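Below is one structure, written out as structure tokens; comments come after it.
The values are calculated or read from the model by the stated rules, or taken from the named source; none is laboratory data. This structure is a prediction, so every number in the text was calculated from the model and none was measured. Neighbour counts are summed over all protein chains in view; Cβ atoms, including those assigned to glycine, are modelled from backbone coordinates with ideal geometry. Surface areas here come from the heavy atoms of the whole protein model, side chains and all, with no ligands, DNA or RNA. Shrake-Rupley method; radii C 1.70, N 1.55, O 1.52, S 1.80 Å.
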Amino acid sequence: MNTIIIDGLSFALPLFIMAIGGIYCERSGITNLAIEGLQGFGAFCGALFAVSIAGSFAGNSPVPFYLAMVFAFLGGMLFSLIHALLCIRFKANQVISGVVINILAMALTEFLTKQINASIFGAASNKFVLGVSARLTVPVISKIPLLGAVFTNLYPFELVIVLIAFLAWFVLYKTRFGLHLRACGDNPHAVDAAGIRVGRVRLIAVMASGALSGLGGICFAYSISANFSSNIYSGYGYLAIAALIFGNWKIMPTLGACLLFGFARSAGYELVKVLGMPSTYQDLVMLLPYVLTLLMLIFFSKKNHAPRALGEIYDKGAR
Amino acid sequence: MKKKNGLIQKIILSTIGHEKRQTYMIPVFSILISLIVGAVVIAFLGKNPFLAYYNLLQGSGLAPKASYAGYKGIITDFASFLNALTPMLFAALSVIIALKAGLFNIGVSGQMLAAGFTATILIGYSVLPAAVAKPLVVVIGFVMGALVGALVGYFKHKFNINEVVSTIMLNYIIQYIVSFFINTFYVDPVSRQSKTVGAAGRLTLTDVVIGSYKMDIPLGILLAAAGIVVTAFLLKKTTLGFEIKAVGSSVRAAEYAGIRVGRTRVLAMMLSGGFAGLAGVTYYVGYFASIQPRVLAGTGYDAIAVALLGNSSPVGIVFSSFLITVISKGSTYMSSASGVQPEIASAITGVVLLFSACGAFVKYKVDRWKEER
């Protein structure tokens, strides 16, 4: 039981932070299918930085890990500018732009990883080895049965994510900027009439989405795969999108959806282990989150209310 | 600002300013820019970009290599190139039919796998004679792909699920299910792939000796040519084609005109899935003869680039799929001859996509400039 909670949380929280980014972007009126590519590119930047400075720190120093997080944050933000440029300035189709960014990120990072490995580190490899980040256990609280598992074997990034998630919640619901952002997604003309520049608000929202996606990506790279390779593109970004649709574009319900994904996944793995099934059955477990996503979308898509201006190009002259 | 841009504006206007030429000049521009970007990267890596691009042609059998092994020649490479081109054409048709209906099918890879796997286990491993097996493979491929496509269309119509999300979920689901079955029942212990299918069902004739050369002849290329004609006819001359395009341009207007939007969408996705299924069988039971578990073919994603680049017209994709296949097929030879990583091929394709996505903006901007003059 404890393993299910521990592993479930470490999967759900990176997903959650990516979904929050998605919520920011979509609440401002920009469809974001690019989360997958953004998290991959962010993770690439973070991993590249971590690998290149790893030599100057002791083997178990946590500094490269935190710096990697910062760079993943920045890398994701940088790459999201393409989405912003295409969707806001160039008025391109937002769905197409998202898919283009995903494909571009996948191709680019795969090529660069191999090229950089070959020409700088002198190794023919298609991944950056990162290792798994250290874990920490909160002393007293972790002794509480069941609930204690939440505080056991935590990845440090989980704490960072919780902090940022709280901040993001506060900004979106309790500040003037958050109000503007949400208004941009529902009625951009009203926002414009109030003298606020819609394009600017949306630009910030897209950048926030990129940054948070990058952060989520590096967390996956440091926990599940322990390296950066094309394996990072396993559809986490799309799971995040499904989670936010399921969560009705609100932060707290989205957290619930992410937790559900995380626990379904870890429970499935536990089940394979407990029942002693052969390893090929892992494939069946791997599909659980995806099947769950589809089912949830089937049950909840209709009732949900997407932001009203979502996916529409903002045209000042339109009525 | 305006003065400075005067000359560039003039050049751009004189090349892509003309309304009629825009349809192909904008894609040509995207390709040129992407190739230049690629060349700069290759030059930056210390390799000769012209040589590298020439290697791409050599690898695709469009230019002679320095030396060939026995029974091999430029024609062998070209036959192999056609083998790779066939699934690409089908996949691109799949993408454009969905695009015309305003749907974005990025599940082509998954639909390909579902169709390829079903055809493999039902026919590929059977002992049916070739005359029966080959048509059956084609039919099964189409039906299986169409079923998956129809499911996506139904989800969109009935539950309002964004087709991008549902197709991607299906991609993963299909990928893991197929991988489970292959690893449990059909695995070849040496290659770690599915066991190879029999020659009878395979849509590619292997090792055919013509003159002094041995080559693999793809039968599917004829089918793909027919598919292009049928699609062009369907979209231009039939009611269904008109309805699909109407739904794609404006759902509300289509509804107002009495078109049943849901039905049209499901039909369009079915056709789209069907073509993806054909891409799947020509890929897994033709070009290749086995399936690698847990891997999706890149063809499905490249097909999006092909479709956008070809202005989502059935004729346009002939050119664009030719180009994208040259890049992806030739990259293996390029990496062995020039030492450039083969992954640069998909990176170039990605850049092509990026510029194609800007197409609408370029058109808008050029039109504005024309009005100003």
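Counting the residues of the stretch A:82-126 that are in contact with a Lys or Arg (Cβ under 9 Å, 6 or more places away or on another chain), closer than 18 Å to residue A:233 by Cα and in contact (Cβ under 8 Å) with a residue 24 or more places away in the chain gives 2. Evaluating residue B:81 against the criteria (1) in contact (Cβ under 8 Å) with a residue 24 or more places away in the chain; (2) among the aromatic types (Phe, Trp, Tyr); (3) surrounded by fewer than 16 Cβ atoms within 10 Å (Cβ to Cβ) leaves one unmet condition, (3).
Within the stretch A:153-184, the set of residues being open to solvent by 60 Å² or more (accessible area, probe 1.4 Å) and in contact with a Ser or Thr (Cβ under 7 Å, 6 or more places away or on another chain) comprises just one member, A:153. If you go through the stretch B:173-204 and keep only what is open to solvent by 30 Å² or more (accessible area, probe 1.4 Å) and within 22 Å of the chain's Cα centre (by Cα), you end up with just B:202. With the condition kept exactly as written, say whether any residue in the stretch A:30-52 is out of contact with any Lys or Arg (no Cβ under 8 Å at 6 or more places or on another chain), of a type in the set (Val, Ile, Thr) and under 30 Å from residue A:270 (Cβ atoms). Within the stretch A:30-52, one or more residues are out of contact with any Lys or Arg (no Cβ under 8 Å at 6 or more places or on another chain), of a type in the set (Val, Ile, Thr) and under 30 Å from residue A:270 (Cβ atoms). Screening the candidates B:141, B:110, B:153, B:149 for the property of being in a helix (DSSP H, G or I), touching a Lys or Arg at 6+ places or on another chain (Cβ under 9 Å) and crowded, with 23+ Cβ neighbours inside 10 Å yields one hit, B:153. On inspection, residue B:275 passes the criterion of being within 17 Å of residue B:235 (Cα to Cα), open to solvent by 10 Å² or more (accessible area, probe 1.4 Å) and at pLDDT 90 or above. Hey, any hits in the stretch A:104-119 for a residue that's closer than 23 Å to residue A:203 by Cβ, touching a Phe, Trp or Tyr at 6+ places or on another chain (Cβ under 7 Å) and within 14 Å of another protein chain (Cβ to nearest Cβ)? Within the stretch A:104-119, one or more residues are closer than 23 Å to residue A:203 by Cβ, touching a Phe, Trp or Tyr at 6+ places or on another chain (Cβ under 7 Å) and within 14 Å of another protein chain (Cβ to nearest Cβ). Inspection of the stretch A:111-130 identifies no residue that is at positive phi and at pLDDT below 75.
When the stretch B:245-270 is filtered for residues that are more than 20 Å from residue B:159 (Cα to Cα) and part of a helix (DSSP H, G or I), the ones remaining, listed by number, are B:245, B:246, B:249, B:253, B:256. Checked against the criteria, residue A:47 counts as assigned to a helix (DSSP H, G or I), of a type in the set (A, V, I, L, M, F, W, C) and away from chain B (no Cβ under 11 Å). For the stretch B:156-165, the candidate set comprises residues that are assigned to a helix (DSSP H, G or I) and either in contact with a Lys or Arg (Cβ under 7 Å, 6 or more places away or on another chain) or open to solvent by 10 Å² or more (accessible area, probe 1.4 Å) (or both); within that set, the residue that is nearest to the other protein chains (Cβ to nearest Cβ) is B:159.
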